[in-house]
Amino acid sequence: MTTAVRVGTRGSLLALTQTRQIVRVLRRANPGTRFEIVTVKTYGDEYRSMEIFRKTSIGVFTKELERALLDRRIDLAVHSLKDLPTSLPKGLMLAAVPRREDARDVLVTRQRAFLEQLPERARVGTGSPRRRTQLLLARPDLRISDLRGNLDTRVNLVLKGRLDAVVVAAAGLKRIRRYTRYVRPIPETVLLPAVGQGSLALQCRASDRRVRAVCRAVHDLDSALRVNAERAFLSRLHGGCRVPAGISTRRDGRRLSLRACVLSVARPAKLEVELTGSPTRPENLGRRAAEALLRMGAGAYLRQARSGAR
């Protein structure tokens, strides 16, 4: 009897939904392989306060899944790639990056309003420093509220009238197929997405050839090239998923284009750069973008963020 591939995931609606979608594709591509979904509770799921996320942001949704891989309790982990630190534990690797979903952020309101249509001093919820600063650059009058919680929790704050709007990732709402009638996309010219936003990551033990082979069916080369550039950018900034930085990548034939920014958390300000390079060396492009921003003074913004300035 063939041993099942145990696929680890967080227990949230979004995490389970995207893991089930991946497992369906894996089953079709590997008809002789059994798959078993295993729910793993992470630090970020147990402790949701904003203060904890300000103090401990790197790996709060991924470390327990990685530990389960190393302990051989699971064989494969499905992550939202934007939550996955750029430095992986020894013995683990990215087995596949599936086709990327919409990387943009969206505005959720009862009236399905665009950002510019929100009333003056509208109350907008987000727990992201990246979103907060870019929103205030576009609309200095907004009142930004810190919040955490799953997608249902955040959207319901709007539907119940406690907030005028919340900003969330487009990909999450598309995957759970909820609340789309309340959504307006925010252009990347206004709000650059997080590194890896809209992408999933399949992680396994580097020594597990069977699982690595199984994952080939869902790997998307174009998506992988783009997120490799983005993760190299974040790695060069020495940052985790809550570093106040945004990035957008596009592949056009033989060119890979990138627009990135580093943001102040003390005031509405940003430094931005645009570059192009070869898709055969995406990591070089990402590092070049980070180094250009550091030369422009981005280090001061990063130190602000690390010291908890607000």
Quick note, the stretch 128-176: a/c under 1.5 would make it rounded; otherwise a/b > b/c is prolate and the rest oblate (a ≥ b ≥ c, C-alpha gyration tensor); here it is oblate
Once the piece of chain linking Arg281 and Met93 is laid out straight, how much longer is it, given 0.36 nm per residue of separation minus the C-alpha distance between them?
65.8 nm
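Among 77-87, 275-285, how do they line up from the highest to the lowest mean number of other beta-carbon atoms within 10 Å?
77-87, 275-285
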Table column - 3J(HN,Hα) (Hz), the stretch 196-212, Karplus curve with 6.51, -1.76, 1.60, x for Gly and Pro
x, 4, x, 9, 10, 10, 9, 10, 8, 6, 4, 7, 8, 5, 4, 5, 4
Per residue of the stretch 217-226, what does 6.51 cos²θ - 1.76 cosθ + 1.60 with θ = phi - 60° give for ³J(HN,Hα)? Whole Hz please, x for Gly and Pro, Karplus curve as stated.
5, 10, 6, 10, 4, 4, 4, 5, 4, 5
What is the gain in length, in nm to one decimal, between Arg110 and His219 on full extension, counting 0.36 nm per residue of separation less the C-alpha to C-alpha distance?
35.6 nm
If you count, for each residue, the other Cβ atoms within 10 Å and average over each peptide, how do 31-39, 228-236, 173-181, 99-107 line up from highest to lowest?
228-236, 99-107, 173-181, 31-39
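Rg over Rh of the chain, using C-alpha atoms and the Kirkwood radius, what does it come to?
Rg/Rh for the chain comes to 0.96.
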Given a Förster distance of 22 angstrom, what is the FRET efficiency for Leu13 paired with Leu159, based on the Cβ-Cβ distance and rounded to 0.05?
0.85
Amide H to amide H under 5 Å from Ser145: which residues, 5+ apart in sequence or cross-chain, H placed 1.01 Å off N in plane?
Val124, Gly125, Thr126
Over the stretch 220-310, what is the mean sequence separation of C-alpha contacts under 8 Å (at least six apart), divided by residue count, expressed as relative contact order in percent?
33
If you stretched the chain out fully between Lys174 and Ala266, how much longer would it get, using 0.36 nm times the residue separation minus the C-alpha to C-alpha distance?
29.8 nm
Once you sort the root eigenvalues of the Cα gyration tensor of the stretch 94-153 as a ≥ b ≥ c, which label holds: rounded (a/c under 1.5), prolate (a/b larger than b/c) or oblate (the other case)?
prolate
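In debye, nearest 20, what is the charge dipole magnitude of the chain about its Cα centre with +1 on Lys and Arg Cβ and -1 on Asp and Glu Cβ, if you could check?
It works out to roughly 320 debye.
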Note on the stretch 136-281: alpha-carbon gyration tensor, axes a ≥ b ≥ c; rule is a/c under 1.5 for rounded, else prolate if a/b larger than b/c, else oblate; result oblate
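Computed from the coordinates by the stated procedures, all read-outs in this text should not be read as laboratory data. A quick note: this is a predicted structure, and the numbers were derived from the prediction, not measured. In this analysis, Cβ positions are derived from the backbone assuming ideal geometry, glycine residues included, and neighbour counts consider all displayed protein chains.
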